[in-house]
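Coordinate-derived values only; no laboratory data. In this text, all values refer to a predicted model and were calculated from it rather than measured experimentally. Because the Cβ atoms are built from the backbone with ideal geometry, glycine has one as well, and the counts that use them run over all protein chains shown.
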């Protein structure tokens, strides 16, 4: 029995650090809550405060090998309004598989999901050197 519990615990910790763990809903979360969640469940990411754009209120996280950057855009009262994940193309197949398995597909590069009666849109955009996945409230 102890062996089974130990294996379950190890699998759970591994799942929390997996790239697809970003399917967590951050929109509406307060800045300090985002920091706490990131610190506790996304240990492969670190807060980057070395570059600050004074025109935006945001948190910037990077994974340890700098191939994924997550930006949490915040309102004036420090609540998340948009999440933008920028990734190296080496991650695109896995990212699309994750999006397809976690969200309802709307078209080739768009998905949606619902939380508390509100619908959120997840869109993938292919740029020249990287791709982005943006999550926002659907209008």
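Once the Cβ-Cβ distance of residue 47 and residue 106 is raised to the sixth power relative to R0 = 35 Å, the FRET efficiency obtained is 0.65. By other beta-carbon atoms within 10 Å, ranking 42, 55 with the fewest at the front produces 55, 42.
On the beta carbon distance between residue 40 and residue 132, with R0 = 30 Å, the FRET formula returns roughly 0.75. Can you compute the label reach from residue 89? Point 7 Å from Cα along the Cβ direction, backbone N cut-off under 17 Å, restricted to the range 101-127. Answer for the range 101-127: 124-127.
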